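Participant: Sending over a structure as structure tokens; questions will come in a sec.
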Amino acid sequence: MSSISENIQNIRREIDEAARLTGRTGADITLVAATKMNESDRVREAVAAGIDACGENRVQELLEKYEDGAYTGAPLHFIGTLQTNKVKYLVGKVSLIQSVNSEKLAAEISKCAIKHGIVQDILVEINIGGEESKSGADIENAHSLVQNIAKLPGVRVRGLMTIPPFSKDEEEQKSFFIKMKQLFIDIGAKKYDNISMEFLSMGMSGDYRNAILCGANMVRVGTGIFGARHY
Ligand SMILES: *Cc1c(COP(=O)(O)O)cnc(C)c1O
């Protein structure tokens, strides 16, 4: 067995354990393989081993691997920072854009989706730690942003995504996940039109277990599946 499929098996087991501690099972958690910097063959191995989706970070890299058939057999998500002028390359290829952090970006996605005759599923990215260096909407603006985006006819908000601040302290790490879960619940409870809070995407290789314990139902794992990236 390859190390990639072995890694995926181990991660699936840990996901299942964490999910069960919260009254769910592994089947309730979407495992997104963060494929950046990994060549098509390695991505194909992960797809064959049974991940739920591939998540790519850079548009150029996505297009190259897409042409190469790297993602065939798995849904494709975009999870990286997205500039409005690159949106046109993604719409029609990806099933979910997880990293929508502004109304302007959402408006461009909506426009492209309408051209394609589709409705593009998106997640709204929240900057839960309020960090200068990170993209994502501030928590204070989350409700109004989500509502404004939901008015756009070409997009459908399916949930929230975050990349919390790095922390070695597990309690601090969890505090960000807990805040996100609360926001996810609050927005869902408002029953805004055209918004369904189905996916809470948080947790990466180092913290997906805690993210699930705090309510994540979608995790994005890169190094845990593929090993360290060589920049
Ligand atoms: C790279 C990346 C991940 C995965 O990170 P790992 O620590 O390698 O698991 C998850 N989410 C996003 C947005 C990423 O860019």
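Participant: Does the range 109-204 classify as rounded, prolate or oblate by the C-alpha gyration tensor (a ≥ b ≥ c root eigenvalues; a/c under 1.5 gives rounded; else a/b over b/c gives prolate, otherwise oblate)? Don't jump to the answer; show the numbers that get you there.
Facilitator: Numbers: a/c = 2.34, a/b = 1.87, b/c = 1.25.
Taking the square roots of the gyration eigenvalues as a ≥ b ≥ c, the range 109-204 is prolate.
Participant: Label the range 169-231 by shape, choosing from rounded, prolate and oblate, from the square roots a ≥ b ≥ c of the eigenvalues of the Cα gyration tensor; if a/c is under 1.5 it is rounded, and otherwise prolate applies when a/b is larger than b/c, oblate when it is not. Mind dumping the intermediate values first?
Facilitator: On the way: a/c = 3.41, a/b = 1.77, b/c = 1.92.
Oblate shape, in that a/c is at least 1.5 and b/c is the bigger or equal ratio.
Participant: Give me the 1.4 Å probe accessible area per residue for the chain, excluding ligands and nucleic acids, in Å².
Facilitator: On the way: 10910 Å² over 231 residues.
Heavy-atom accessible area per residue stands at 47 Å².
Participant: Mind listing the long-range amide H neighbours of V100? Cut-off is under 5 Å, sequence gap 5 or more, other chains count too, H placed in the peptide plane at 1.01 Å from N.
Facilitator: L123, E125
Participant: Rounded to the nearest 20 Debye, what is the dipole magnitude of the range 130-205 about its Cα centre when Lys and Arg each give +1 and Asp and Glu each give -1 at the C-beta? Spell out each step's value before the answer.
Facilitator: Details: 10 positive and 11 negative charges, 89 e Å.
My answer is approximately 420 debye.
Participant: Let me ask another. Going highest first, how would you order 167-178, 204-215 by mean Cβ packing within 10 Å? Walk me through the numbers before you get to the answer.
Facilitator: Working: 167-178: 14.8, 204-215: 20.7.
Listed from highest to lowest mean packing, they are 204-215, 167-178.
Participant: Of all the accessible heavy-atom surface of the range 94-194, with the other protein chains kept in place and a 1.4 Å probe, what percent is carbon and sulfur?
Facilitator: Details: 2510 of 4990 Å².
Accessible surface attributable to carbon and sulfur in the range 94-194 totals 50 percent.
Participant: Using a simple charge model, +1 on the beta-carbon of Lys and Arg, -1 on the beta-carbon of Asp and Glu, nothing else, what dipole does the range 1-110 show about its Cα centre, in debye to the nearest 20? Write out the running numbers ahead of the final one.
Facilitator: Numbers: 13 positive and 16 negative charges, 51 e Å.
With Lys and Arg at +1 and Asp and Glu at -1, about 240 debye.
Participant: Also, quick follow-up: Between S5 and M37, how many nm apart are label points set 7 Å from Cα along the C-beta direction?
Facilitator: Distance between the two pseudo-spin positions: 2.6 nm.
Participant: Pull up all non-local amide H partners of Q120: gap of 5 or more, or a different chain, and H-to-H distance under 5 Å with H placed in the peptide plane.
Facilitator: Those lying under 5 Å, H to H, from Q120 are V155, R156.
Participant: Would you work out which of N148, H116, M202 lies farthest towards the positive end of the dipole of the chain, given +1 charges on the beta-carbon of Lys and Arg and -1 on that of Asp and Glu, about the Cα centre?
Facilitator: Working it through, the farthest residue towards the positive pole turns out to be H116.
Participant: So, R0 is 25 Å and r is the distance between the beta-carbons of H143 and R24; what FRET efficiency does that work out to, to 0.05? Don't skip to the end; give the middle numbers.
Facilitator: On the way: r = 26 Å, r/R0 = 1.05.
Step by step, r from the Cβ atoms, then E = 0.40.
Participant: Shape verdict for the chain, please, from the Cα gyration tensor: rounded (a/c under 1.5), prolate (a/b greater than b/c) or oblate. All intermediate terms of the calculation are to be shown ahead of the outcome.
Facilitator: Working: a/c = 1.66, a/b = 1.10, b/c = 1.50.
Because a/c hits 1.5 or more and a/b fails to exceed b/c, the chain counts as oblate.
Participant: A follow-up question, please. Rounded to the nearest 20 debye, what is the charge dipole size of the range 43-193 about its Cα centre when +1 sits on each Lys and Arg Cβ and -1 on each Asp and Glu Cβ? Please report the intermediate quantities before stating the final value.
Facilitator: On the way: 19 positive and 21 negative charges, 132 e Å.
In total the dipole reaches around 640 debye.
Participant: Continuing with the same structure: Please work out the FRET efficiency for the pair E198 and S175, using the Cβ-Cβ distance as r and a Förster radius of 35 Å; give the result to the nearest 0.05. Don't skip to the answer; put the middle values down first.
Facilitator: Values: r = 24 Å, r/R0 = 0.68.
Here the calculated transfer efficiency is 0.90.
Participant: Something else about it: Would you kindly state how much longer the chain becomes between E131 and K115 on full extension, computed as 0.36 nm times their sequence separation minus their alpha carbon distance, in nm to one decimal? Kindly include the intermediate steps, with their values, before the conclusion.
Facilitator: Working: separation 16, 0.36 × 16 = 5.76 nm, distance 3.50 nm.
Full extension of this stretch gives 2.3 nm more.
Participant: Among the complete DSSP H segments of the chain, which ones combine at least 24 Å of alpha-carbon extent along their axis with a mean Kyte-Doolittle hydropathy of -0.5 or more?
Facilitator: On the way: long enough: 3-20 (25 Å, -1.00); 170-190 (30 Å, -0.40).
Once both thresholds are applied, what remains is 170-190.
Participant: Residue by residue through the range 128-134, which ³J(HN,Hα) values in whole Hz follow from phi under the Karplus form 6.51 cos²θ - 1.76 cosθ + 1.60 (θ = phi - 60°), with glycine and proline marked x?
Facilitator: Each residue of the range 128-134 in turn: 5, x, x, 7, 4, 7, 9 Hz.
The values are calculated or read from the model by the stated rules, or taken from the named source; none is laboratory data. As the structure is a computational prediction, the values presented were derived from the model and not from experiment. Positions of Cβ are backbone-derived with ideal geometry, glycine not excepted, and every protein chain shown enters the neighbour counts. Heads up: the accessible areas ignore ligands, DNA and RNA and are worked out on the full protein's heavy atoms, side chains in. Shrake-Rupley method; radii C 1.70, N 1.55, O 1.52, S 1.80 Å.
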